[in-house]
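Reviewing the structure listed below.
The values are calculated or read from the model by the stated rules, or taken from the named source; none is laboratory data. In this text the structure is predicted, and so the values were computed from the model without any measurement. A quick note on method: Cβ atoms are made from the backbone with ideal geometry, for glycine too, and the neighbour counts reach across all protein chains shown.
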Amino acid sequence: MIRVLMLCLLCCLPLTAQTSHPEAPARPSAHPRKFAALCDQFIKESLALSPVSASAAGYHKHHYAKPGKPGKTVALDGRLDDLSPQAFARQRAFYQQWRARFHKEFPPASLSPEDAADFQLIDDQIGLNLLEFDTIQSYKHNPTVYVELIGNGLFLPLTQEYAPREVRLRHVLLRVRQIRRLLQQARQQLVDSDPIFIKVAVEENEGNLGLIEETVAAEIPAGSPLRVEYDKVAPAAVVAIKDFDEWLQNDLAQRPTTRTWRLGKDWYDQKFRLVMETDITPEQVLADADEQMKVVRGRMLELALPLHAQMFPTHSDHSDLPAHERENTIIGEVLHKISDEHCQRDQLVQCAQDDLAGITAFIREKKIVALSERSNLKVIPTPAFMRGAYGVGGFHSAPPLEPTAEAEYWVTPIDPKASDRFADARLREYNTWVLQWLTIHEALPGHYIQAEHANDIQPVTRRLVRGLFSNGPYVEGWAEYMAQVMLKEGYANRDPRYELSYWKVWLRAVANAVLDVRLQTMGMTDQEALDLMEKDCFQTTAEAEGKLQRAKLSSTQLPTYFVGTREWWSLREKYQQRAGPGFDMMDFHNRALAEGALPVPVLEKILLAGPGK
């Protein structure tokens, strides 16, 4: 699937102790060229197993070698993944064999710190794949796997300029032709499903229908020979999608099942370790997050009290209320007043675009991080087939193999059919101040700048490893750490309305960790989750309901913001102590980004082992 990189005072807030990672002495790898060659072979063969993933990576042609025969080269962009039981069995065997081969030929102790870091990313990614094949098996229970694969498969060739437009449109139509086959395979695989997965799959399939009937159709020039092909394959694909939706609702949804969206503690713990790639446990994260929520709410009250006196001169300070209720009342009233400032319901994407200029100027003025020399960022509406998972926005980087290609900051527009009540809630949640945070997080200096640095990594094989198998806490932690650096450096002229709005956003990120652990492993109910978000974190009902859906659709991703942000501040503190008075913030950020998305403790070993730090 497409990798979308989406969502302290922390430097001043108390942090619990982080796991200590001793520095590793520099050592050469045994046969570094052979290790790089093996990584390259593994990546290309694994991408060939998933042509849609290959398109996302910018890998367009694969040569299938046959012993004693010439072999053949295949254009991957014209293929949809084979998702038959036989194909899944081949993939499982593929990952098992490659894990054994890597461990046998290149034990981690024989590798340099840089190669050992690549080894860990590959080994953990293989571990995640095997956990999926052997244990979690989402492909048997979650139809959104198939729906989003179709959407990505059609969307990528439309937006990436890897070949002339006519060639890319031909690839799209080849994939459209294969939709019926893929959905037949989905019916073979799916045995039961939680209602939330079926609901979202049907909603996202509306986006797929729109892609075929509107977007693809509009791309084909009148009189083009491709129009004949479109008229041949599109109607069959549309029927197949609608039939699949009907099957989901009338067959799969009616099947009895004990399987739910909750992973449960055992599976969650296994996945959590492979996603975080550190020794931190869900229990530690939950305890730290619970404590952090209290600290952040305290800081929010400090900011809100003088604003409350200015905004509501006729109100009391509510000192007659119990402490928690007083915090909620004062902070809530101020946040509601601040949220009066927002763009129009049909202007969200444009408002985000307009914020970029001021943000870029501030980054340059404060010398926060080197900006990209490429002008390849485009702000676009979130593709309709992804809006179930990305209800607010996200980021899609240029492919590692095509760094000059288009990078996309997705902003999810408000559905024109949505009620005024829903639209008002969404606009208040993403008001003038919070929308600026979103652009900082997803674009500059967040994910876009992070990805642009990563896409300059050499050699290319290392760029691929660290781009395709990126560490989640590094990725999401960087974007939120950057938002906090911008705040610390005085962004928005230190306006307390922005600072209070930001701490509300950070409180939400902290709550994400709480939600994920408790929902997936501790039986937290929907109402308990909504109460946490609305009563403790000042979220609107619409935002809370959207986050609850996201929490059910994913697992272990929501804590990466909290875990990663704290890891980034811990790394900066250690690096700054080593550098002393000569610490240069921009140089630190550039050096860290130049390594790509490694687990932050691994990055720490590499950065602190260098001379002169």
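Among the listed residues D279, D251, which satisfies the condition of being outside the structural domain of G564 (by TED's automatic domain parsing) and charged (D, E, K, R)?
The unique qualifying residue is D251.
Looking at (1) in a loop (DSSP other than H, G, I, E, B); (2) closer than 20 Å to A54 by Cα; (3) of a type in the set (A, V, I, L, M), which one does A451 not meet, given that it meets all the others?
(1)
Report yes if some residue within segment 458-465 is out of contact with any Pro (no Cβ under 6 Å at 6 or more places or on another chain), over 26 Å from R566 (Cα atoms) and not in a helix (DSSP H, G or I); otherwise report no.
Yes, the conditions are met somewhere in segment 458-465.
Of everything in segment 420-442, what is over 18 Å from V379 (Cβ atoms) and at pLDDT below 95? Give them in sequence order.
Within segment 420-442, D420, R421, F422, A423, D424, A425, R428, E429 meet the criteria.
Kindly establish whether A511 is crowded, with 17+ Cβ neighbours inside 10 Å and either under 24 Å from the mean Cα position of the chain (by Cα) or within 26 Å of L500 (Cβ to Cβ) (or both).
yes
In segment 295-306, is there at least one residue being in contact with a Phe, Trp or Tyr (Cβ under 6 Å, 6 or more places away or on another chain) and either exposed (fewer than 13 other Cβ atoms within 10 Å of the Cβ) or under 20 Å from L515 (Cα atoms) (or both)?
yes
Which ranges mark the helices (runs of 4 or more DSSP H) fully within segment 518-613 that have 2 or more residues being modelled with pLDDT under 95 and under 25 Å from the mean Cα position of the chain (by Cα)?
Correct list: 541-553.
Is at least one residue of segment 456-468 polar (S, T, N, Q), under 19 Å from the mean Cα position of the chain (by Cα) and either at pLDDT 95 or above or over 16 Å from G394 (Cβ atoms) (or both)?
Within segment 456-468, none of the residues are polar (S, T, N, Q), under 19 Å from the mean Cα position of the chain (by Cα) and either at pLDDT 95 or above or over 16 Å from G394 (Cβ atoms) (or both).
Consider L156 carefully, then state whether it is assigned by TED's automatic domain parsing to the domain that holds A57, in contact with a helix residue (DSSP H, G or I) (Cβ under 6 Å, 6 or more places away or on another chain) and hydrophobic (A, V, I, L, M, F, W, C).
yes
Among the residues of segment 378-387, is any at pLDDT 95 or above, among the charged types (D, E, K, R) and not assigned by TED's automatic domain parsing to the domain that holds A201?
Checked segment 378-387: at least one residue is at pLDDT 95 or above, among the charged types (D, E, K, R) and not assigned by TED's automatic domain parsing to the domain that holds A201.
Between I380, I359, which is of a type in the set (V, I, T), closer than 26 Å to T540 by Cβ and either in contact with a strand residue (DSSP E or B) (Cβ under 8 Å, 6 or more places away or on another chain) or in a loop (DSSP other than H, G, I, E, B) (or both)?
I380
Take segment 156-169 and flag every residue that is outside any loop (DSSP other than H, G, I, E, B) and either closer than 18 Å to A240 by Cβ or of a type in the set (S, T, N, Q) (or both).
Listed by number, the list holds a single entry, T159.
Given the structure, is Q189 surrounded by fewer than 16 Cβ atoms within 10 Å (Cβ to Cβ), of a type in the set (S, T, N, Q) and under 25 Å from Q557 (Cβ atoms)?
Spelling it out, it is not the case that Q189 is surrounded by fewer than 16 Cβ atoms within 10 Å (Cβ to Cβ), of a type in the set (S, T, N, Q) and under 25 Å from Q557 (Cβ atoms).
For segment 220-261, which positions are aromatic (F, W, Y) and either surrounded by fewer than 18 Cβ atoms within 10 Å (Cβ to Cβ) or in contact with a Lys or Arg (Cβ under 9 Å, 6 or more places away or on another chain) (or both)?
F244, W247, W261
For segment 413-436, which positions are part of a helix (DSSP H, G or I) and closer than 11 Å to V392 by Cβ?
R426, E429, V434, L435
Does segment 191-200 include one or more residues that are over 26 Å from the mean Cα position of the chain (by Cα), within 30 Å of L263 (Cα to Cα) and assigned by TED's automatic domain parsing to the domain that holds Y230?
Yes: one or more hits.
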